[in-house]
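The structure appears right after this line, and notes come after that.
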Amino acid sequence: MKTKIGITEKNTEAVAEQLAKLLADEFLLYTKTRNAHWNVTGENFHANHIFFEKQYKQLDELIDSVAERMRKIGHYAPIPLSNMLLMPLNW
């Protein structure tokens, strides 16, 4: 899909590349946060369960907006999890 937004194709490719990296990082964080939500234990179970739920819902919105931005500039959001796993978060 070619877009006519006043940005050269070279520049939209560079922006899409950076957005893809952001999308990978955010998707990995979303997955880890969802896992924490599902597996939380302990005294503060309820509070932590709610906290992680709020976090993954915010991340879901962010992920969606990044992917939609990629489409707006004429690129598809990459899906391979193998690409996402190349950029693990170090906690």
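Here, each number is a calculation from the coordinates, and none is a lab measurement. What you see is a predicted model, and the numbers here were worked out from it, not measured in a lab. Virtual Cβ from ideal backbone geometry, glycine too; neighbours counted across all protein chains shown.
Details
- Subset of the range 3-49 (residues that are in contact (Cβ under 8 Å) with a residue 40 or more places away in the chain, not in a helix (DSSP H, G or I) and not aliphatic (A, V, I, L, M)): Thr3
- Within the range 57-76, the set of residues being part of a helix (DSSP H, G or I), of a type outside the set (D, E, K, R) and either free of Cβ contacts under 8 Å to residues at least 40 places away in the same chain or under 14 Å from Ile7 (Cα atoms) (or both) comprises Gln58, Leu59, Leu62, Ser65, Met70.
- Failed criterion for Asp64 (all others in (1) within 30 Å of Glu17 (Cβ to Cβ); (2) of a type in the set (D, E, K, R); (3) more than 12 Å from the chain's Cα centre (by Cα) hold): (3)
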